[in-house]
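The values are calculated or read from the model by the stated rules, or taken from the named source; none is laboratory data. Just so it is clear, the model here is predicted, and its values are computed rather than measured. Every residue, glycine among them, receives a Cβ derived from its backbone with ideal geometry; neighbour counts consider all protein chains shown. With ligands, DNA and RNA removed, areas are computed over all heavy atoms of the protein, side chains included. Shrake-Rupley method; radii C 1.70, N 1.55, O 1.52, S 1.80 Å.
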Amino acid sequence: RFDSPVPLGSPLLGTTVEVRDATGSAVVDGEGHVFIGGKERICFLDDEVTVPLNTMRETGDFVRVKDAKMFFLGRKDNQIKRHGKRLNIECVQQAAESLCHVEACAVTWYRQEKLILFVVPKDNLARDSLKELQKHLPTYAIPDELVLIETLPFTLHGKIDVSELSKIYSNHLNSRRHDSKLSGAEELWERLQYLWKSLLSLPDDSPSISKDSLFLYSGGNSLKSLRFHDEIENLAGKAIPGLLEVILSSSIAEIYQHVLKAVFSSEDQIMNHNTVKRKLNESSGGEFHGEYTKPKSRRYFNAAAGLIAFIALNRGNRMLSVTSPESLMNPYNAGQAGTELRQQASYSSAVTSNTMKYEVTENKSGKNRSNPEIASKANETGTHSVEQAPSEETLLKMPEKLILHVRWKSNMGKCVDASPLVIIPATDDLSATVYVGSHSHTMQAIDLYSGKIKWERILGDRIESSACVSKCGNFIIVGCYNGLVYVLRSHNGEIHCIFTTEDAVKSCAVVHLPLD
């Protein structure tokens, strides 16, 4: 707040002052915590009567050292971690004090969860302090809530009484829950509109929010989404499961429906729904049928000729279902094809699990079921080993208890940090394939059921990211530490093309599948 910051000055005679970082090392240039002590200065704490000589005590002051001078930054007690960023509460308080409508203020970290700004107002415009602070502070430093009070509480030592402020806020929450009980669906819609405008800093007299509006696309972000979530739960007076996910991915109409179901009984919804329906129609010009659905494109996937339907499973159990050209012409058939592919994947998984059980049972009895030809080849190359799958007759006789067993393994040479990509074709004449890379620069395509290596490709550097598949299924895309993104042909591993980036590629590629 000052053009020329004032240093703290020099220690008193007989006093030693040091600045140390989090590891206890001395700081000669940078930020750290102040320690005080010395041979002739003794600091006693609590009931201590003796302390070792040269004991250094942490003062709790946070400073910056520059040109052998210390500049005060704040108290350690006021340093918090919020939304992944270190924040000095005093900086927030100073920014609030600079506002012309604020007489005095204090900021507290309530239960280490919420940043609360208490303001003694000069006039009624102080209610807009949070909006004003957005012009002076980064997003992560904006308080969660503003509470107007008549005067700040102080301790006997003249310091702000933080515990008393916590009591004031607790009482404020209780009274708000009692006063803010929703009377019906119509009031819920109006309150959601108000919160939406307030958090996105929209004028109060702005037009009604369209029912199709998405919070993130309307100027919101993840931090504002959290505040929106908390405000809605405070409004409802209860926790609403799954609310944050709805806010992040759905329209205001869907948010309204989600909250409506959680707060009101079905009878209340029926009584109030027609009124809200009319309001929604007026604001967006569209028909509202309770459950909001996103508009569908008139055209669907324009599948290339020769496209083979498949399911792709990759990192985080994400599943992509790409159907055949014929089924994509009809939205119903597309969904049906996707369901059938999932069922096929489930069946394949079940067969794999049953095969594992069979193998364990046979191994325990001392019988070797390995395929001699494949086992011999595995011994020669040392890259993979497999076990023969049992017949369908044997599968039916197997016990139901699930036992995990290594079906096959493949030698990648070095560490495997990347998650595998699994492609399961919808046709019986093509087998499922596992694509995975390693630190040895190696990319392998392995048969999911037999463990046989279909192809192996050595790239320019180590591979840490998972691969993804193109919409047509003919290409595998993977990044490399040499700064290149490789597009490989899925059937033989040949390099189709290369894209050059500016640095090592550690993130997983993703393919956008447009509806047009």
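Identify the single condition in (1) under 19 Å from Leu12 (Cβ atoms); (2) surrounded by 13 or more Cβ atoms within 10 Å (Cβ to Cβ); (3) at pLDDT 80 or above; (4) not small (Gly, Ala, Ser) that Arg64 does not satisfy, given that it satisfies every other one.
Of everything listed in (1) under 19 Å from Leu12 (Cβ atoms); (2) surrounded by 13 or more Cβ atoms within 10 Å (Cβ to Cβ); (3) at pLDDT 80 or above; (4) not small (Gly, Ala, Ser), Arg64 misses just condition (1).
How do the strands (runs of 3 or more DSSP E) wholly within the range 427-516 filter down when requiring 1 or more residues that are closer than 21 Å to Val416 by Cα and at pLDDT 90 or above: which remain?
Ranges flagged: 433-437, 442-447, 453-458, 475-479, 484-489.
Among the residues of the range 3-22, is any of a type in the set (S, T, N, Q), within 27 Å of Thr139 (Cα to Cα) and at pLDDT below 85?
Checked against the condition, which is being of a type in the set (S, T, N, Q), within 27 Å of Thr139 (Cα to Cα) and at pLDDT below 85, the range 3-22 yields at least one hit.
Considering only the range 455-474, state which residues are open to solvent by less than 40 Å² (accessible area, probe 1.4 Å) and without any contact (Cβ under 8 Å) to a residue 40 or more places away in the chain.
Correct list: Trp455, Leu459.
Are there any pairs with C-beta distances below 8 angstrom linking a residue in the range 217-231 that is closer than 17 Å to Tyr256 by Cα to a residue that is exposed (fewer than 15 other Cβ atoms within 10 Å of the Cβ), with the two at least 6 apart or on different chains, and if so which?
From residues that are closer than 17 Å to Tyr256 by Cα, the pairs are Ser225/Leu216.
Testing Trp109 on (1) of a type in the set (Phe, Trp, Tyr); (2) over 38 Å from the mean Cα position of the chain (by Cα); (3) part of a strand (DSSP E or B), one condition comes back false. Which one is that?
The single condition Trp109 does not satisfy is (2).
Touching a residue at least 12 places away in the same chain (Cβ under 8 Å) and among the hydroxyl-bearing types (Ser, Thr, Tyr) - does that describe any residue in the range 41-59?
There is at least one residue in the range 41-59 that is touching a residue at least 12 places away in the same chain (Cβ under 8 Å) and among the hydroxyl-bearing types (Ser, Thr, Tyr).
When you go through (1) part of a loop (DSSP other than H, G, I, E, B); (2) among the polar types (S, T, N, Q); (3) open to solvent by 30 Å² or more (accessible area, probe 1.4 Å); (4) without any contact (Cβ under 8 Å) to a residue 40 or more places away in the chain one by one for Ser210, which number turns out not to apply?
Of the numbered conditions (1) part of a loop (DSSP other than H, G, I, E, B); (2) among the polar types (S, T, N, Q); (3) open to solvent by 30 Å² or more (accessible area, probe 1.4 Å); (4) without any contact (Cβ under 8 Å) to a residue 40 or more places away in the chain, the odd one out for Ser210 is (4).
Among the small types (Gly, Ala, Ser), out of contact with any Ser or Thr (no Cβ under 7 Å at 6 or more places or on another chain), open to solvent by 40 Å² or more (accessible area, probe 1.4 Å) and over 18 Å from Asn411 (Cβ atoms) - does that describe any residue in the range 484-497?
no
Exactly one of (1) open to solvent by less than 80 Å² (accessible area, probe 1.4 Å); (2) farther than 26 Å from Leu8 by Cα is unmet by Glu150. Its number?
(1)
Being surrounded by fewer than 17 Cβ atoms within 10 Å (Cβ to Cβ), among the polar types (S, T, N, Q) and over 18 Å from Leu313 (Cβ atoms) is the filter here, so list the residues in the range 400-439 that pass it.
Hit for the range 400-439 is Asn411, nothing else.
Does any residue in the range 20-33 that is of a type outside the set (D, E, K, R) come within less than 7 Å, Cβ to Cβ, of a residue that is in a loop (DSSP other than H, G, I, E, B) six or more places away or on a different chain, and which pairs are these?
Cβ pairs passing all conditions: Val27/Asp21; Gly32/Asp21.
Can you say whether Glu31 is in contact with a strand residue (DSSP E or B) (Cβ under 6 Å, 6 or more places away or on another chain) and at pLDDT 85 or above, as far as the supplied structure shows?
yes
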